1. What is the gain in length, in nm to one decimal, between Arg190 and Leu217 on full extension, counting 0.36 nm per residue of separation less the C-alpha to C-alpha distance?
2. Which FRET efficiency value, to the nearest 0.05, is calculated for Leu274 and Ile130 with the Förster distance at 30 angstrom and r the Cβ-Cβ distance?
3. Taking all protein chains in place and a 1.4 Å probe, what share, in percent, of the accessible surface of the range 161-255 do carbon and sulfur account for?
4. In square nanometres and to one decimal, what's the mean projected area of the convex hull around the Cα atoms of the range 131-234?
5. List the trypsin sites (Lys or Arg not before Pro) within the range 129-216 that DSSP assigns to loop and that have no more than 16 neighbouring Cβ atoms inside 10 Å.
Amino acid sequence: MTSVGAFGLTALLFGNGGLSGLYFVRFALGIFFAGVTTIAFAVTARAARDCVERARRFAWLTASMFAGDLAGPVLGESSRLLGASSPLAIAAILTVPILIGIGKVAFPIAFRLQPQAVEGPMSARTGSLILLFAVALVGGAGLATLHVLLLLSEQPGGLTRQIVSWTLSACGAGMLAAQLAYSRGKRLSRNAHSLILPTLMVFLSSLAAAAYVRTTLPLSLSVFAAGATAAALRLVTSYLASRIDRRRIGFWLGVNQSATSLGQTIAPLAIAGLGVSGKGVMLLLLAAVSLPLTLMSTAESRAQAQS
């Protein structure tokens with residue numbers, strides 16, 4: 001409840017101040033959003049009666065997050081049309097009924113929940129944990145790289161504003177579609193490890209294609225694929241993190257969220273150091289990271305199949 005309420009209050013301040021104020025508000029919103037998502041996944045994992053239900057609930061929870069990403073621009077524009085000083089005014093107002101729902105329904109239920117032994121724990125070998133959180137980091141970094149480079153391309157000789165808008169929408173649609181594809185839960189619960197390798201390969205291939213394609217349809221398809229696979233990686237890593245230790249679900253989900261956020265942080269900083277001309281270099285570096293991750297993923301999948 002604290003994170004949701006603080007998020008709503010901070011959202012009202014967005015856009016009311018100079019550049020330093022904007023950085024501060026963005027930083028605060030990130031903290032509160034991360035708190036909300038980690039707790040939501042932890043409560044969802046504890047409430048599941050079996051592994052399929054946990055996977056299904058994770059898919060729908062992540063789908064709701066990405067649906068919010070798609071609705072965000074509409075809510076922001078609506079806030080401006082209504083004369084609000086903050087583009088996040090409507091989003092802030094929506095936190096009020098959410099807080100009421102948490103206080104009346106979710107909060108009492110969460111205190112009565114006990115960790116469910118829905119399945120055996122995931123292998124806690126060092127290699128398994130490194131693979132899991134490295135995939136989460138690369139997924140966050142790759143998607144952040146793609147978003148920043150698309151926005152930087154809106155300049156003379158680059159992509160037009162309309163093309164950038166369409167491709168960002170395609171990315172959001174791909175992220176939502178990926179969650180719906182796993183919404184039944186069975187495929188994720190049974191084959192989570194084996195999904196990492198093909199998803200990672202498609203993700204990095206899509207990033208490489210998006211770095212050089214400049215016509216609308218091929219670019220939109222590349223960005224759609226990148227968004228869908230990045231969202232799938234986030235879902236898979238969250239699900240596997242929830243299986244490491246059922247007594248410390250919140251801790252491991254927090255570590256996984258931290259890895260994703262770290263990738264989203266270091267990618268824009270690296271781009272700022274390389275400059276716009278370094279876009280190809282940045283994406284190629286991400287593609288190079290895929291080799292050790294692919295090898296580790298293959299070895300882990302074989303180990304899980306034999307166990």
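The values are calculated or read from the model by the stated rules, or taken from the named source; none is laboratory data. Predicted model, so just to flag it, every value in this text is computed and none were measured. Note that we place each Cβ from the backbone using ideal geometry, even for glycine, and neighbour counts take in every protein chain shown. The area values use the complete protein model at the heavy-atom level, side chains included, leaving out ligands, DNA and RNA. Shrake-Rupley method; radii C 1.70, N 1.55, O 1.52, S 1.80 Å.
1. Details: separation 27, 0.36 × 27 = 9.72 nm, distance 3.47 nm.
Extra length from Arg190 to Leu217 when fully extended: 6.2 nm.
2. On the way: r = 26 Å, r/R0 = 0.87.
Working from the Cβ atoms, E equals 0.70.
3. Numbers: 2510 of 4070 Å².
Answer for the range 161-255: carbon and sulfur cover 62 percent of the accessible area.
4. Details: hull surface 24.7 nm².
Seen from a random direction, the Cα hull of the range 131-234 projects 6.2 nm² on average.
5. On the way: sites: Arg161, Arg184, Lys186, Arg187, Arg190, Arg214; in loops: Arg184, Arg214.
Those that pass, being in a loop and sparsely packed, are Arg184, Arg214.
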